[in-house]
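We did not get these values from a lab; they are worked out from the coordinates using the rules stated. Just so it is clear, the structure is predicted and the values come from calculations on it, not from any experiment. Reconstructed Cβ throughout: ideal geometry from the backbone, glycine too, with neighbour counts over all protein chains shown.
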Amino acid sequence: EKRQRRLLLASTTMTMMRVSITIAVLQSHALALSLYPTAARRTSSPRISMDYSNPTIGLRASSPASAILTEPPLGTKQNFLEASPFWDQSNIPLNTYKNKAPFTAKVVSCKRIVGPEATGETCHIIFDHRGKMPYWEGQSYGVLPPGVNQKNGKPHTVRLYSIASSRYGDDMTGQTASLCVRRATYWDPDMGREDPAKKGVCSNYLCDASPGLEVKMTGPSGKVMLLPEEDPKTDYIMVATGTGIAPYRGFIRRLFVESTPAGDVYKGLAWLFLGVANSDALLYDDEWQQVLANYPDNFRVDYALSREQTNSKGGKMYIQDKVEEYADEIFDRLEKGAHMYFCGLKGMMPGIQDMLRSVCAKKGLDYDEFIGKLKKAGQWHVEVY
């Protein structure tokens, strides 16, 4: 009986210690969060683990390469995949692998990265390309899903996805690449459920992937979204909806997370705007908050949560509304040479263009002339789908 009491007392003591530690951690997190600008904070606490490095939490993984490093390994630099000088874009990798002769990469890990209340499922998928499919930030890979199109009996065509990692990959070895993929589904109101016959072939293939799956890939392709790095004081204004965040993650890791030649000298402002439905749909928020804490003078992030926030007119807060809040500063930075990027669903652009046209009118500027000037100077980058 005494032994049972001692065991009970020990168990109770351990439980109280765990509770105390948990409270201390939560208080520390709350204090840290209070230091962030209001615009950059989550509007609710995270509901899922974002511990990418732990393959036992929400992750289908079987390799150390599934880890997403948040800082370079001690004593290492990410400078072995650079041009000379590092900003020279004249010989970037381009269309190394084509549809008729694709590269076969292996899935390292696949993880859901949104919470339960998100409007749909988005996954972060890491591929091992063994260093044979190099790419630069802002480029895309093509994926050839297996099977045939039921309508014409021909093999499925290639689907393009913006690469969501820097050229060094999430493990910083130069051997991996990552994609950010939203599972495409179709809700049939008549059936009262999702219609599997109308689901996205490639997105479901990727989001269902398990480690070891061999995937046929093409690319890399694209020059539109490359990062100009010759002037280290250049501002980058990055606007995304949903998985359009992918290329910017590569930018931000290169500039602030890895020890790269570009990051070592960067003195400008990288300003991220992300539009999603709600807090649970935010992508890579933990990573942005860490960069924000480490580089408050060189990084900013603003969210447009359409189902949780309201704009100045009392309506839903869409991405163009959030950008408009900073219109004067953005226009000023553009006139000083900033580069502006747009990536996401093509439906975002009409709202963005209408907003910019309205701001131009208020400033007495001709919209077409203003945008034409930015395009001519290479400051305007659009990749929508």
* Asked: Got a sec to turn the phi values of the stretch 201-218 into Karplus ³J(HN,Hα) couplings, 6.51 cos²θ - 1.76 cosθ + 1.60 with θ = phi - 60°, whole Hz, x for Gly and Pro?
  -> 4, 6, 5, 5, 4, 6, 5, 8, 5, 10, x, x, 4, 8, 10, 7, 10, 10
* What lysines sit close enough to LYS346 to cross-link, taking a C-alpha to C-alpha distance under 21 Å and skipping anything fewer than 8 places away on the same chain? -> LYS198, LYS199, LYS223, LYS316, LYS322, LYS375
* **Contour minus Cα-Cα distance for ALA327 and GLU71 (0.36 nm per residue)** => 88.8 nm
* To do: At a temperature of 10 °C and a viscosity of 1.306 mPa s, determine how fast the stretch 101-201 diffuses translationally according to Stokes-Einstein, using the Kirkwood radius over alpha-carbon pairs as Rh; express D in µm²/s, rounded to the nearest whole number.
  => 103
* To do: Could you let me know the centre-to-centre spacing of the stretch 102-120 and the stretch 156-214, using Cα atoms, in angstrom?
  => 6
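Please compute the Kirkwood hydrodynamic radius over the stretch 194-255, one decimal place, Å, based on all pairs of different Cα atoms. Could the numbers behind the result be given before it?
Details: mean 1/r = 0.0656 Å⁻¹.
With all distinct Cα pairs of the stretch 194-255 included, I get 15.2 Å.
Whole number please: convex hull volume per residue, Cα atoms of the stretch 221-282, in Å³. Can you show the working numbers first?
Details: hull volume 6.2 nm³, N = 62.
Hull volume over Cα atoms, normalised by residue count, gives 100 Å³.
Which order do the peptides 80-93, 252-265 come out in when sorted by mean C-beta neighbours inside 10 angstrom, highest first?
Details: 80-93: 12.4, 252-265: 21.6.
Output ranking for 80-93, 252-265: 252-265, 80-93.
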* Structure fact -> In whole angstrom, largest first, the equivalent ellipsoid semi-axes that the Cα gyration tensor gives for the stretch 234-353 are 24, 17, 13
* To do: Tell me which residues come under 5 Å, amide H to amide H, from GLN78 once H is placed; ignore anything under 5 positions away on its chain.
  => SER259, THR260
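Kindly state, as a whole number, the per residue volume in cubic angstrom of the convex hull around the alpha carbon atoms of the stretch 176-280. Walk me through the numbers on the way to the answer.
Values: hull volume 17.5 nm³, N = 105.
Given the Cα convex hull of the stretch 176-280, per-residue volume reads 167 Å³.
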* For the cross-link pairs LYS313/LYS363; LYS132/LYS267; LYS77/LYS373; LYS313/LYS336, which exceed 28 Å when the distance is taken from alpha carbon to alpha carbon? -> LYS132/LYS267; LYS77/LYS373; LYS313/LYS336
* Asked: How about LYS233: which aspartates and glutamates have a C-alpha closer than 19 Å to its C-alpha, ignoring those fewer than 8 places off in the same chain?
  -> ASP88, GLU137, GLU258, ASP264, ASP297, GLU329, ASP332, GLU335
* Hz values of 3J(HN,Hα) by residue in the stretch 336-351 - Karplus curve (6.51, -1.76, 1.60), Gly and Pro given as x -> 9, x, 4, 9, 10, 10, 9, 8, x, 5, 4, x, 6, 5, x, x
* At q = 0.23 Å⁻¹, work out log10 I(q)/I(0) for the stretch 289-376 with the Debye formula, treating every Cα as an identical point scatterer and leaving solvent out; two decimals please. => -1.32
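When Rg is the radius of gyration of the Cα atoms in the stretch 247-306 and Rh is its Kirkwood radius, what does Rg/Rh come to? Intermediate values should be presented prior to the final figure.
Values: Rg = 11.9 Å, Rh = 12.1 Å.
Radius of gyration relative to Kirkwood radius: 0.99.
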* To do: Mind jotting down the distance between the C-alpha centroids of the stretch 131-148 and the stretch 307-341, whole Å?
  => 32
